[in-house]
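The values are calculated or read from the model by the stated rules, or taken from the named source; none is laboratory data. Everything numeric in this text was worked out from a predicted model, so none of it was measured. Every residue, glycine among them, receives a Cβ derived from its backbone with ideal geometry; neighbour counts consider all protein chains shown. Note: areas computed on protein heavy atoms with side chains; ligands, DNA, RNA excluded. Shrake-Rupley method; radii C 1.70, N 1.55, O 1.52, S 1.80 Å.
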Amino acid sequence: NNYFHLAVKFITQDSLQLEHFSQAKCMKVLNKYGDMRRLIGFNVRDMWYRLAQNKIHFIPEMVGPILEMTLIPEIELRKATIPIFFDMMLCEYSMFNKFRKCAEQHPSIAYSVQHFVHLVKGLLEKLLDYRSVISDESKRNRMSCTVNLLNFYKDINREEMYIRYLYKLRDLHLDCENYTEAAYTLLLHAKLLKWSDEQCTSHVMPRDFHDSQTQRQLKENLYKTIIDYFDKGKMWEEALNLCKELADQFEKEIFDYELLSQNLKQQATFYENIMKILRPTPDYFAVGYYGRGFPLFLRNKVFIYRGKEYERREDFQGQLMTEFPNAERMNTTSPPSSNIKNSPGQFIQCFTVQPVLEEPSRFKDKPVPDQVINFYRANYVQKFQYSRPVRKGTVDPDNEFASMWIERTTFITAYKLPGILRWFEVISSSTAFFTEAYSEEHPEDCEKLHHLKNLIAWQVPMLEKGIKLHGKRVQDDLRPFHDRMEECFKQLKLKVQKEYGLRELPDFDEKRTSRPRSMLRSYRQVSMISLSSLNAECNTPIKESADSGSVIPDSPRPRTPILKSEDKAPDRVFKEEGEVKLRRDRKRQKRSSVVFADSKTEPSDTKRLSRKQEFRSDTNLSDQAEKRPSSVLKQMSFASRSVPTIPALIFAVANGGEDQSLDVNALKRMSQPTFVLSLDENDGEKKSTPKSKKASFFKNRLTSKSGEDGK
């Protein structure tokens with residue numbers, strides 16, 4: 001026992017740690033004395049194996065001292081001493097058939113011991129993986145093992161080791177020109193620092209930033225380097241986030257406006273790059289490593305890889321096969337069987353997957369430019385989908401699509417891409433849920449499934465309308481494509497209607513007029529006002545004068561007037577309907593509307609329209625009335641309060657005295673907007689007057705009418 005402890009003290013003394021010496025001193029010691037640590041370590045190994053059955057007396061007391069020997073960074077010494085731990089476990093198991101001797105002697109620390117053993121086991125696995133690929137030409141494998149180690153040290157709060165492996169990973173990324181991933185790697189170190197003037201400890205000070213003294217200085221320098229990496233990787237959105245954080249420090253903490261101005265100019269450049277520079281969208285590939293021939297960190301696992309710019313799947317797959325020359329490529333995308341997973345060989349499966357957009361909430365219901373939103377279609381993604389056709393049931397030789405289904409698989413990665421690696425492991429996946437088995441296993445989703453089926457059924461009539469429209473406009477060279485599309489749609493329609501029922505849209509193909517309904521109403525209905533109200537501030541409805549029989553617009557008229565004897569007279573309508581309502585829309589006074597009426601009209605009391613009468617007016621539900629010929633113009637004026645008037649549209653009735661008769665058909669023709677109409681008092685024949693003469697025509701008729709009234 002004394003020999004073992006003395007040997008360990010000798011090996012671990014500071015004066016023999018050659019890696020702490022300068023290169024010249026180290027070479028001088030090695031040339032004169034050699035590495036004495038290795039010699040004594042070999043003696044310790046030989047003494048242990050000579051103990052034979054007496055080894056059990058040194059377990060577990062010698063675990064700690066021998067562990068100190070393995071921590072010395074000398075490769076040959078580690079190779080000689082690490083197997084001693086395995087021999088200790090064999091010795092204990094052969095004696096007691098279990099590994100619980102330590103736990104039984106100290107039950108109070110049993111849980112802590114188990115946790116420690118679990119950590120040591122995990123560390124040894126990761127160290128062995130790292131050692132196996134340290135000299136490997138595949139930088140991807142070295143990156144994977146490095147990330148596994150730095151995550152382990154992060155979990156056990158070993159910050160010094162965590163930072164050391166961060167920079168190892170950064171260097172590997174720079175060798176491969178993975179600037180985006182290198183930036184994300186350094187960003188993990190920057191997040192450990194604070195914006196303060198505290199002095200940096202030695203373990204957080206990397207060799208590249210030895211000039212930085214405080215945490216603020218180190219973090220600022222790290223940010224500038226990271227921004228440069230993001231710029232090279234065309235990740236300007238991430239660079240802007242760091243620029244804004246730096247700008248806040250320059251403006252509000254250290255008040256360095258010169259640095260602030262440079263920072264703002266840099267931000268402007270990044271914004272301009274986002275809008276003007278084309279960024280190719282990378283493809284994503286799912287890669288599965290199946291078989292016991294792969295190392296543990298790859299064995300029977302699936303990863304999502306982010307391709308480089310313009311990298312095709314064939315090129316990417318070729319690189320994979322170069323890294324694993326003994327692997328066999330799988331030509332199917334279906335999940336592998338257990339025989340493949342447990343086989344001693346290597347099988348690689350590779351196919352393209354589509355990223356699922358996770359649109360930021362700040363973009364919701366906003367007109368976001370394509371240059372901005374396209375970035376998020378292939379970045380900050382953690383969910384990916386893959387669809388493949390599958391056969392179910394009996395294959396119909398006449399219709400191969402009858403038994404074809406689409407199986408969609410969704411993959412979720414451990415972290416979002418891009419990140420500190422160009423790939424991440426898939427932690428969960430889900431496949432085709434439109435089955436009876438799924439409905440039985442998930443009854444809580446029955447309502448959602450029913451809603452989805454209903455939406456699928458409604459897609460059929462919408463697609464049918466679109467295909468019909470496409471058929472009307474398709475060019476001759478695309479006619480075969482359209483015919484094929486119609487054929488496929490017929491099959492889809494039959495299947496969907498059979499599974500989910502029939503849905504029908506309203507018939508939109510019936511003939512329509514060329515103008516919207518509101519515009520047609522404006523043209524058909526005649527709006528009239530009295531001459532006395534042409535210069536008024538607003539159109540005020542006035543009742544009919546008792547002696548002159550003149551008409552002022554005070555009530556709406558129907559769209560197409562039809563006079564019936566049983567209808568009520570307009571005067572009675574006003575009495576029954578209530579008060580007259582003044583129109584508030586004064587913009588209508590700018591529009592042209594003219595009526596022939598007696599200039600001797602005397603205004604009467606104004607009354608407000610009730611809400612009911614206003615609604616009836618706007619919807620053309622007003623009662624119609626038969627009246628003597630002199631009140632026809634008044635009946636026509638009802639529409640003046642219901643719809644907007646049409647500029648440059650004038651309707652006039654010539655020679656229409658009180659004894660003038662007007663039939664219904666003539667009244668209908670008066671709604672035509674093209675010409676100014678007049679009715680001859682002898683034969684009632686319609687005559688047209690060009691619009692260019694409407695002013696003089698109106699003036700002449702007004703003069704003659706006023707003369708008759710004067711007599």
task = Look through LEU246, LEU222, LEU242 and report the one residue that is more than 29 Å from LYS308 (Cα to Cα), modelled with pLDDT of 90 or more and open to solvent by less than 20 Å² (accessible area, probe 1.4 Å).
result = LEU246
inquiry  = Take TYR305 and tell me if it is over 22 Å from the mean Cα position of the chain (by Cα), under 26 Å from LYS139 (Cα atoms) and not in a helix (DSSP H, G or I).
reply    = no
note = Within the range 44-66, the count of residues that are in a helix (DSSP H, G or I) and open to solvent by 60 Å² or more (accessible area, probe 1.4 Å) comes to 7
query = Which of the helices (runs of 4 or more DSSP H) contained wholly in the range 422-509 include at least 3 residues that are over 27 Å from PHE384 (Cα atoms)?
reply = 446-473, 479-500
query = Taking only pairs six or more apart or across chains, which ones have beta-carbon atoms under 9 Å, a first residue in the range 442-453 that is within 18 Å of GLU499 (Cβ to Cβ), and a second residue that is open to solvent by less than 100 Å² (accessible area, probe 1.4 Å) and not in a helix (DSSP H, G or I)?
reply = ASP445/PHE433; LEU449/PHE433; LEU449/PHE434; LEU449/HIS442; LEU452/PHE434; LYS453/PHE434; LYS453/GLY501
request  = Taking the residues in the range 426-467 that are of a type in the set (Gly, Ala, Ser) and under 29 Å from TYR284 (Cβ atoms) as candidates, determine which candidate is modelled with the lowest pLDDT.
outcome  = ALA432
inquiry  = Among the residues of the range 515-528, are any modelled with pLDDT of 50 or more and of a type in the set (Phe, Trp, Tyr)?
reply    = no
message = I need every pair where a residue in the range 319-338 that is open to solvent by less than 80 Å² (accessible area, probe 1.4 Å) has its Cβ under 6 Å from the Cβ of a residue that is among the β-branched types (Val, Ile, Thr), sequence separation at least 6 or different chains.
response = LEU320/ILE348; ALA327/ILE348
inquiry  = What's the total number of residues in the range 459-490 that are in contact with a Phe, Trp or Tyr (Cβ under 9 Å, 6 or more places away or on another chain) and open to solvent by 60 Å² or more (accessible area, probe 1.4 Å)?
reply    = 2
inquiry  = Of everything in the range 340-386, what is polar (S, T, N, Q) and more than 22 Å from TYR415 (Cα to Cα)? Give them in sequence order.
reply    = ASN342, SER343, GLN346, GLN371
note = Considering the range 20-35, residues that are open to solvent by 100 Å² or more (accessible area, probe 1.4 Å) and within 59 Å of the chain's Cα centre (by Cα), and then whichever is nearest to GLY64 (Cα to Cα), we arrive at HIS20
key: Verdict on THR281 being part of a strand (DSSP E or B) and in contact with a helix residue (DSSP H, G or I) (Cβ under 9 Å, 6 or more places away or on another chain)   = no
ask   = Just for the range 187-219: of the residues that are assigned to a loop (DSSP other than H, G, I, E, B) and basic (Lys, Arg), which one is least open to solvent (accessible area, probe 1.4 Å)?
value = LYS194
message = Take TRP423 and tell me if it is at pLDDT below 90 and either closer than 30 Å to PHE303 by Cα or hydrophobic (A, V, I, L, M, F, W, C) (or both).
response = no
query = Taking the range 1-19 as the search range and keeping residues that are among the hydroxyl-bearing types (Ser, Thr, Tyr) and more than 15 Å from GLU61 (Cβ to Cβ), which one is most open to solvent (accessible area, probe 1.4 Å)?
reply = SER15
request  = With the checklist (1) in a helix (DSSP H, G or I); (2) under 60 Å from the mean Cα position of the chain (by Cα); (3) closer than 24 Å to LEU128 by Cα; (4) of a type outside the set (Ser, Thr, Tyr) in hand, flag the one item PRO73 doesn't pass.
outcome  = (1)
key: Residue tally, condition open to solvent by 80 Å² or more (accessible area, probe 1.4 Å) and in contact (Cβ under 8 Å) with a residue 12 or more places away in the chain, over the range 277-312   = 7
message = Can you go through LYS121, LYS168, LYS154 and tell me which one is within 22 Å of GLU220 (Cα to Cα), charged (D, E, K, R), open to solvent by 40 Å² or more (accessible area, probe 1.4 Å) and assigned to a helix (DSSP H, G or I)?
response = LYS168
